[in-house]
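Taken together, the values in this text are just the output of simple stated rules run on the coordinates, not laboratory data. The structure presented is a predicted model; accordingly, all values stated were derived computationally and were not measured. All Cβ positions, glycine included, derive from the backbone under ideal geometry; neighbour counts span all protein chains shown.
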Amino acid sequence: MSKRDYYEILGVAKTASESELKVAFRKLAMLHHPDRNPGDKEAEIKFKEINEAYQCLSDGEKRAAYDRFGHAAFSQGGGGPGFGNEFGDFMSDIFENFFGDGRGGGARGRGGAPGRERGADLRYNLEISLEEAFTGKTETIRIPTSIACEACAGSGAKPGSKPRACPTCGGYGRVRAAQGFFAIERTCPNCHGRGEVIDDPCPSCAGAGRVERERTLSINVPAGVDDGLRIRLAGEGESGLRGGPAGDLYVFLSIKPHPFFQRDGADLFCRVPISMVTAALSGEITVPVIDGSQTQVRIPAGTQTAKQFRIKGKGMPVLRSRDVGDLYIQVSVETPQNLTKRQRELLQEFEREASEENHPESAGFFSKVRDFFVSGASRA
Ligand SMILES: [Zn+2]
Ligand SMILES: [Zn+2]
């Protein structure tokens, strides 16, 4: 099978510049990448073809040879290097190189510092009480984390010394090896991609550039926060490696259940038992308020269980607002228990005096029940 012309494969003119070649290659490589065309043999062949063409034309020497002699320039070395197992690695190297970490593309020493790694994000679960959510608070938290080593200022090298460029890769972090007419790039085995080596590691951090430490941090929790809130503190996560940027700290807020207040948004609910006599005769009850104070609620005569009373402005503050919710008091009438003989007599006497007027609800209910049975009997 006769080989296609490399320029034709990439769809560029013979005079194409390096950057034109690169653009054309990227476009075609994306299009025919095996990951995008799973199982497509033709795409795979095309992809190999594109790579082969680019590997040749992007190398000045090879390009010159190709321009002079055509494919014959590489007839001994080429033809078909073993793609087999190497193929996957080769692909990933090419793609990392071109589309990946930003320090590739043959731009030695350009594009940031090899070996610097961003620190991990951290999560901290902060549980506060409802009272604390009401007032807001400043919480000092301890975070086990690694921080930049002070002794070496994060470089990992012994104070007074400096990391030096890796001699194997020249500081690039990657090495090239020729295989046939392919230049294959790999992560440098000597420095593992960092681009630098440390001859005298810092004794405090053993060359890592960071040390494990417990860090304390003050977190300002504003008034009105609710359960499930997430606070992001940029740059407060784990510190980066060798001078890389720090990760973020996420504080996940939860609020402990309160013994007698339930919360619904900015409103609070509290269930308060009242005596049968207060409910019947009226009275005043004292109820708790979230700010730690107390307030009086007037219970009118004839109050039934589940009746709600609203106390305006005694709920929770609304986050980042001047609004305040309300407090709802729900009463439940408590039936007296453990009666003395005298109490029983009084209640029995009361019962003898009682009429339907005293219990309109039950009177109404039982009259409905009676009607139900009477009409049932007439139907029969
Ligand atoms: Zn150190
Ligand atoms: Zn290296």
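Structural size metrics of the stretch 104-260, computed from C-alpha coordinates, are Rg and Dmax of 21.8, 78 Å. Once you have a ≥ b ≥ c as the square roots of the Cα gyration tensor eigenvalues for the stretch 119-204, tell me rounded if a/c is under 1.5, and otherwise prolate or oblate according to whether a/b is larger than b/c. Oblate, since a/c reaches 1.5 and b/c is not below a/b. Ignoring solvent entirely, what values of log10 I(q)/I(0) come out of the Debye formula for the stretch 292-341 at 0.23, 0.29, 0.32 Å⁻¹ when each Cα is a single scatterer? The Cα Debye sum returns log10 ratios of -0.93, -1.12, -1.21. With a Förster radius of 51 Å applied to the beta-carbon distance between R215 and Q304, the computed FRET efficiency rounds to 0.35. Taking the C-alpha atoms only, the angle from helix 41-57 to the longest principal axis of the chain is near 60 degrees. Ranked by the mean number of other Cβ atoms within 10 Å of their residues, highest first, the peptides 37-48, 249-260 fall in the order 249-260, 37-48. Shape of the stretch 212-350 from its Cα gyration tensor (a ≥ b ≥ c, root eigenvalues): rounded if a/c is under 1.5, otherwise prolate when a/b > b/c, or oblate? Prolate, since a/c reaches 1.5 and a/b exceeds b/c. Across every pair of non-identical alpha carbons in the stretch 337-376, the mean reciprocal distance, once inverted, gives a Kirkwood radius of 12.1 Å. Relative protection proxy for 344-353, 300-309, 117-126, from highest mean packing down: 117-126, 300-309, 344-353 (other beta-carbon atoms within 10 angstrom). In terms of its C-alpha gyration tensor, the stretch 161-237 has an oblate overall shape, because the principal axis ratio a/c (a ≥ b ≥ c, square roots of the eigenvalues) is not below 1.5 and a/b does not outweigh b/c. Full extension of the chain segment joining A177 with L319 gains 45.1 nm, where the gain is 0.36 nm per residue of separation less the Cα-Cα distance. Rg/Rh for the stretch 243-317 (Cα atoms only, Rh after Kirkwood) is 1.27.
With pairing defined as another cysteine C-beta under 4.7 Å, the cysteines of the chain that fail it are C56, C270. Of all lysines in the structure, those lying under 25 Å Cα to Cα from K256, and not within fewer than 8 positions of it along the same chain, are K137, K312, K314.
If one takes the longest principal axis of the Cα atoms in the chain, at what angle in degrees, from 0 to 90 and to the nearest 10, does the Cα axis of helix 18-32 lie? Once rounded, one gets 60 degrees. From its DSSP helices (H runs of at least four residues, each -39,500 (n - 2.57)), the chain gives a residue-normalised ellipticity at 222 nm of -8000 deg cm²/dmol.
Within the straight-line cut-off of under 20 Å between alpha carbons, the aspartates and glutamates reachable from K14 are D5, E49, E52, D59, E61, D67, sequence neighbours fewer than 8 places apart in one chain being disregarded.
Residues whose amide H comes within less than 5 Å of that of T295, counting only those at least five positions distant or on another chain, are V287, V289 (H built at 1.01 Å from N in the peptide plane). Principal-axis analysis of the Cα atoms of the chain puts helix 60-69 at an angle of about 50° to the longest axis. For the Cα trace of the chain, dividing Rg by the Kirkwood Rh returns an Rg/Rh value of 1.35.
The 3J(HN,Hα) values that the Karplus relation (6.51, -1.76, 1.60; θ = phi - 60°) gives for the stretch 303-309 are, in residue order, 6, 9, 4, 6, 5, 10, 10 Hz. Gly and Pro appear as x. Based on alpha carbons, the Rg and Dmax found for the stretch 193-237 are 18.4, 54 Å.
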